[in-house]
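Trainee: Next up is a structure, given as structure tokens.
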Amino acid sequence: MPHTDNVINVGTEETLIIQAASLSSFYKQAKSVQFIKDEIDYDFDLNLCEDTVTSRTGWITRRKDTQFNNEIIGFDFRNVRFRRFKTDVSRILNWANDLIYHPRCRYI
């Protein structure tokens, strides 16, 4: 995915089966036709993309792959792509091989 501004990437289209809770609402749980063992929570109210202009039909707020016990809350891990940028490694601190680092300590 090239680095460009204002580009909305759309994942592979996936068919979801939803159930009506009433005449005007749906249950948040959905089923995937392609990934039948996944547990999915879907929110119709999250109908704007991150640019706050482009519309969408909703958002998968939770997905669990029950086969591998992989659960992500907040986005659809099967279709989200994260942008990565080339890092200038010359600006990264050099770690000393003879020191023992502790995750809660701050090294200066």
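The values are calculated or read from the model by the stated rules, or taken from the named source; none is laboratory data. No experiment lies behind these values; they were computed from the predicted model shown. Here the Cβ is made from the backbone with ideal geometry for all residues, glycine too, and neighbour counts use every protein chain on show.
Trainee: Surrounded by 10 or more Cβ atoms within 10 Å (Cβ to Cβ) and either modelled with pLDDT of 85 or more or not aromatic (Phe, Trp, Tyr) (or both): is that true of residue 38 in this structure? Lay out the reasoning, then the answer.
Mentor: Details: surrounded by 10 or more Cβ atoms within 10 Å (Cβ to Cβ): yes; either modelled with pLDDT of 85 or more or not aromatic (Phe, Trp, Tyr) (or both): yes.
It is true that residue 38 is surrounded by 10 or more Cβ atoms within 10 Å (Cβ to Cβ) and either modelled with pLDDT of 85 or more or not aromatic (Phe, Trp, Tyr) (or both).
Trainee: Of all residues in the stretch 11-35, which are among the hydrophobic types (A, V, I, L, M, F, W, C) and either in contact with a Ser or Thr (Cβ under 9 Å, 6 or more places away or on another chain) or surrounded by 10 or more Cβ atoms within 10 Å (Cβ to Cβ) (or both)?
Mentor: Scanning the stretch 11-35 gives 16, 17, 18, 21, 26, 30, 33, 35.
Trainee: Restricting to the stretch 56-85, count the residues that are among the small types (Gly, Ala, Ser) and modelled with pLDDT of 90 or more.
Mentor: At the first step, the residues of the stretch 56-85 found to be among the small types (Gly, Ala, Ser) are 58, 74.
Among the residues that remain, those that are also modelled with pLDDT of 90 or more are: 58.
Matching residues across the stretch 56-85 total 1.
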